[in-house]
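To start, the structure under review is shown below, and the notes come after it.
None of the figures in this text is laboratory data; all of them are computed from the coordinates on show. No experiment lies behind these values; they were computed from the predicted model shown. Positions of Cβ are generated from backbone atoms using ideal geometry, with glycine treated the same way; all protein chains shown enter the neighbour counts.
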Amino acid sequence: MARDLHASTIFALSTPKGRSALAVVRVSGPSAGTAIAALCGRALPAPRHATLTRLRDPATGAPLDQALVIWFPGPASFTGEDMAEFHLHGGRAVLAGVLEALAVLPGFSTAEPGDFTRRAFYCGKLDLSQAEGLADLIEAETAAQRRQALNQQGGALAALVEGWRRDLIAVMALAEARIDFPDEDLPTGLEQQIESAGARLCGEIGAHLARAVRGERIRDGYRVALLGEPNAGKSSLLNAIAARDVAIVTEEAGTTRDILEVHLDLDGFAVTVADMAGIREAEGAVERVGIAKARSWSQTADLRIFLVPPGGVLTEDLEALRQPGDLVCASKVDLGGRAAEAELEISAHAGEGIAALLTRIASRAARDLDADEPALVTRLRHRTALEECLRAIRAALEPEKLPELQAEDLRAAARALGRITGRVDVEDVLDQLFGSFCIGK
């Protein structure tokens, strides 16, 4: 265990600049009740009821604030430990006085980012996937991200993975029986049972892996690449979409060298629109690097939008990047003329066609990301563990597999599943995960 849970921790939750009408100080650990007694000079209030009381400095008796105090005895608390909350007026002097009074109590220390969620994990109130769901919920900026995070925080992924793990353990028991009792009268069809159960697990895990990209895109953003030759109007379009100057716009070809991204909320979905170097045969080394980055980014995008100015056509280099469902737009139509195969006409200068383009992008994002069944695999870590599990099960089902090797493959598959919920081998991800929380969660 990375942190001593016998010590109580305290922290302040307020606005980023430290000014708010309300500040909340929480205490978690075996000394949480001591904090209430020390500051309130009274017995513990009724659990989970807000009690108005005057807080005093236990050393001097000087008043600190008139506050609401709430007592959460464990295990019926967020962390599973005893917890106390002090809802204070948000002035800096009030907050500083309460924190100073608590800090001198024996066994108290200031919380680090994610400490309370880490404690909840160690106390069994959350598994690792639920903690990740909570982190995603805190960071959620769109309705789709909120729905997905709530689903994961509620334990949907954990329940699915634990179900697979139980099934794997049952299959492992059959495989172990073949090893431990080779001369016994074992039930007939044991190998067929192992093969049937393994094949079913492969099918279910494979189906969820097929939806993994959708879950990751909801969390990280639907990726849209703006492509075209230099001076096709990509940077002007990005600025028009963002309603601010994100990209430098000049008449000089090759001005954009790096990937410039704008993050949007379109109909409840996070969308990342990227401007990048114009695709052409460049002479300069810097521009060649920019074009290579543009090709790489666009190949992993969910939608590519090709801009063709008046009199222009899609070059062979651009056609090579084109995929089914991509969109071709005539740009700079305020100058007259349009591309023959364009589906939309756009003028970033005049604002023409921008709304229609955003509608098309939102429609594509909804089509690709929205579904009746939510995606439960939302992070690369989940996908990697499931892929490892799938490989191990398939290895176990290879023909003429020795029972000892089959059992080891099945154990490897179970360990991979355990890493998703935090049952095994998780210390390397804990600091990174909980460090992403704010101080106070």
(request) Could you list Met83, Met276, Met172 in order of exposure, starting from the residue whose Cβ has the fewest other Cβ atoms within 10 Å? (result) Met172, Met83, Met276
(message) Loop-only GluC sites (Glu not before Pro) in the stretch 309-390, please: DSSP not H, G, I, E or B, and at most 15 other Cβ atoms within 10 Å.
(response) Glu341, Glu343
(message) Could you list Asp115, Asp334 so that the one with the fewest beta carbons within 10 Å of its beta carbon is first and the one with the most is last?
(response) Asp334, Asp115
(message) Tell me the Rg and the Dmax, in Å, that the Cα atoms of the stretch 219-369 produce.
(response) 14.1, 42
(message) Give me a comma-separated list of calculated 3J(HN,Hα) values for the stretch 104-109, in order, Karplus coefficients 6.51, -1.76, 1.60 applied at θ = phi - 60°, integers in Hz, x for any Gly or Pro.
(response) 7, 6, x, x, 9, 8
(message) Counting only helical runs of four or more DSSP H residues, what would the 222 nm mean residue ellipticity of the chain come to if each run contributes -39,500 (n - 2.57) and the total is spread over all its residues?
(response) -14500 deg cm²/dmol
(request) In whole Å, largest first, what are the principal axis extents of the Cα atoms in the stretch 8-126? (result) 39, 34, 26
(request) Restrict the search to the stretch 395-424; then list the GluC sites (Glu not before Pro) that DSSP places in a loop and that have at most 15 other Cβ atoms within 10 Å of their Cβ. (result) Glu400
(request) For the stretch 35-42, just list the computed ³J(HN,Hα) in residue order, Karplus coefficients 6.51, -1.76 and 1.60, θ = phi - 60°, integers in Hz, with x standing in for Gly and Pro. (result) 5, 5, 4, 5, 8, 9, x, 8
(request) About the Cα centre of the stretch 219-369, how large is the charge dipole given +1 on each Lys and Arg Cβ and -1 on each Asp and Glu Cβ? Please answer in debye to the nearest 20. (result) 300 debye
(message) Need the full-extension length gain, Ser296 to Thr110, defined as separation in residues times 0.36 nm minus the C-alpha distance. One decimal, nm.
(response) 62.5 nm
(request) Convert 10 °C to kelvin, take the viscosity as 1.306 mPa s, use the Kirkwood radius over C-alpha pairs of the chain as Rh, and evaluate the Stokes-Einstein diffusion coefficient in µm²/s, rounded to a whole number. (result) 61 µm²/s
(request) Express as a percent, rounded to the nearest 5, the fraction of DSSP beta bridges in the chain (both residues included) that run antiparallel. (result) 65 percent
(request) Work through the residues other than Ala212 whose Cβ is under 10 Å from its Cβ and net out their charges, Lys, Arg +1 and Asp, Glu -1. (result) +3
(message) Can you give me the distance in nm between label points at Val289 and Gln193, each placed 7 Å from the Cα along the Cα-to-Cβ direction?
(response) 6.2 nm
(message) Using Cβ contacts closer than 10 Å as the measure, can you line up Thr378, Thr359 from fewest to most?
(response) Thr359, Thr378
(message) Test of understanding: express the Cα radius of gyration of the stretch 74-172 as a ratio to 2.2 N^0.38 Å, with N the residue count.
(response) 1.44
(request) Provide the packing ranking of 145-154, 161-170, i.e. peptides ordered by the mean count of other C-beta atoms within 10 Å per residue, highest first. (result) 145-154, 161-170
(request) Output ³J(HN,Hα) for the stretch 358-364: one whole-Hz value per residue in order, computed from phi by the Karplus curve 6.51 cos²θ - 1.76 cosθ + 1.60 with θ = phi - 60°, and x for Gly and Pro. (result) 5, 5, 5, 5, 4, 5, 5
(request) Send over the semi-axes of the stretch 115-180's equivalent ellipsoid, whole angstrom and largest first, taken as the square roots of 5 times the C-alpha gyration tensor eigenvalues. (result) 33, 15, 6
(request) With viscosity set to 1.002 mPa s and temperature to 20 °C, compute the Stokes-Einstein D of the stretch 56-107, Rh being the Kirkwood radius across alpha carbon pairs; µm²/s, no decimals. (result) 175 µm²/s
